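Worksheet for the structure shown next.
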Amino acid sequence: MLSGLLDKMATSYESPVEYQLVLGDERLPLNPYLGKKLTLKFSGKILCGHCGKETKKSYGDGYCFPCTQKLAQCDICIMKPELCHYDKGTCREPEWGLSHCMIPHFVYLANSSGLKVGITRHTQIPTRWIDQGAIQAMPVFEVKTRYHSGLIEKILSEHVSDKTNWRNMLKGNNEKIDLKSERDHLMNIAGEQIEMLEDELGLGAFNYLENAEVTEIEYPVLEYPTKVSSMSFDKKAVIEGTLMGIKGQYLIFEDGVINIRRHSGYVIEVE
Ligand SMILES: [Zn+2]
């Protein structure tokens, strides 16, 4: 038995992806539990991932409400990077902004529940894609800052979704997509807007990754659910059953799925 503060699952890019349940300082490899019984028990306690104080409810990726009002990573510009206000001197945590936002980012195309566009820090590839349950992904632009990636994403999202339908992602019958030809098509219809943006920002702001390769991602799944019902520790203190698979940040049990990342900060026991 292990117990501790739940965090998002750690992953390593293997074929299939290897998952670890993170409980405080401990890590439990999950792939060996496929087809076996797994029990997760919520203690009733939720701790803020930043200040460590107990909170009734977890916000964002596991913070108490006051911390969501102070942390840069909980600011609106993280969800909408085109609203980055670092240059105005109003970043909530300029040092964090400098090390997390004012660094190279990628704009990518992925196939999670169909084609989508997204952005990520250069250090988060392929972690970000795995967390979204993408089965294929490919970087399209490398840019200097999160802000720049947000501006490109905004243009591309007029033509391609920027969201994952998690229910469809978990049903697992996604067809493969030819990402390179989708990218070429996108550049045909949005290329002019992107060029205008590049002129505005100055040459060298974007690096178009013409020769990027597609990353294919396989997940440890024995059987995909036909009907996806969501489970949460907020409704049920004990979640148990035969582990049928892991995809994105979800554990797939025979009778439902649980988003582990959504429960960051919950103190749980595992058997
Ligand atoms: Zn807090």
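Would you work out which of 252, 201, 48 lies farthest towards the positive end of the dipole of the chain? Charges go on Cβ: Lys and Arg +1, Asp and Glu -1.
Of the options given, the answer is 48.
What does the charge add up to near residue 64, with Lys and Arg as +1, Asp and Glu as -1, over the other residues with Cβ less than 14 Å from its Cβ? Show your work: numbers first, answer last.
Numbers: positive: 45, 53, 56, 57, 70; negative: 54, 61.
So the environment of residue 64 carries a net charge of +3.
Between 0 and 90 degrees, rounded to the nearest ten: what's the tilt of helix 179-201 against the longest Cα principal axis of the chain?
60
Ignoring ligands, DNA and RNA, what percent of the 1.4 Å accessible area of the chain is carbon and sulfur?
48
I'd like the FRET efficiency for residue 184 and residue 154, computed as 1/(1 + (r/R0)^6) with the beta carbon distance as r and R0 of 30 Å, rounded to 0.05.
Numbers: r = 20 Å, r/R0 = 0.68.
Efficiency for this residue pair is about 0.90.
What trypsin sites (Lys or Arg not before Pro) in the stretch 146-237 are in a loop by DSSP, with at most 14 other Cβ atoms within 10 Å of the Cβ?
Numbers: sites: 146, 154, 163, 167, 171, 176, 180, 183, 227, 235, 236; in loops: 163, 176, 227, 235, 236.
Qualifying residues, ordered by number: 163, 176, 227, 235, 236.
What full-extension length gain, to one decimal in nm, is calculated for residue 124 and residue 224 as 0.36 nm per residue of separation minus the Cα-Cα distance?
Extra length available between residue 124 and residue 224 comes to 33.4 nm.
Nearest 20 debye, what's the magnitude of the dipole of the chain about its Cα centre given +1 on Lys and Arg Cβ and -1 on Asp and Glu Cβ?
Values: 31 positive and 37 negative charges, 264 e Å.
Around 1260 debye, computed over the chain.
Tell me the per residue accessible area of the chain using a 1.4 Å probe; a whole number in Å² is fine.
51
Using θ = phi - 60° and the Karplus curve 6.51 cos²θ - 1.76 cosθ + 1.60, what whole-Hz ³J(HN,Hα) does each residue of the stretch 111-124 get, with Gly and Pro shown as x?
10, 9, 10, x, 5, 9, 10, x, 9, 7, 5, 4, 7, 9
Could you work out how far helix 146-156 tilts from the main Cα principal axis of the chain, as a 0 to 90 degree angle to the nearest 10?
Once rounded, the angle reads 80 degrees.
List the GluC sites (Glu not before Pro) within the stretch 71-156 that DSSP assigns to loop and that have no more than 12 neighbouring Cβ atoms inside 10 Å. Walk me through the intermediate numbers first.
Numbers: sites: 82, 95, 142, 153; in loops: none.
Passing both the DSSP loop test and the Cβ count: no residue.
Of the DSSP beta bridges with both residues in the stretch 175-271, give the percent that are antiparallel, rounding to the nearest 5.
On the way: 9 of 11 bridges.
About 80 percent, rounded to the nearest 5.
Using the Kirkwood radius over C-alpha pairs as Rh, can you work out the diffusion coefficient of the chain via Stokes-Einstein at 37 °C, viscosity 0.692 mPa s, in µm² per second? Provide the component values of the computation, followed by the final result.
Working: Rh = 19.8 Å.
Stokes-Einstein gives a translational diffusion coefficient of 166 µm²/s.
Give me the compactness ratio for the stretch 103-216, meaning the Cα radius of gyration over 2.2 N^0.38 Å. The partial results should precede the final answer.
Numbers: Rg = 13.5 Å, N = 114, 2.2 N^0.38 = 13.3 Å.
So the stretch 103-216 has a normalised radius of gyration of 1.01.
For the pair residue 54/residue 168, report the inter-label distance in nm, with labels modelled 7 Å from Cα in the Cβ direction.
The two pseudo-label positions are separated by 4.3 nm.
The values are calculated or read from the model by the stated rules, or taken from the named source; none is laboratory data. None of these values were measured; they are calculated from a predicted model. FYI the Cβ positions are ideal-geometry reconstructions off the backbone, even for glycines, and counts take in every protein chain you see. When the accessible area is computed, the model is the full protein with side chains, heavy atoms only, and any ligands, DNA or RNA have been set aside. Shrake-Rupley method; radii C 1.70, N 1.55, O 1.52, S 1.80 Å.
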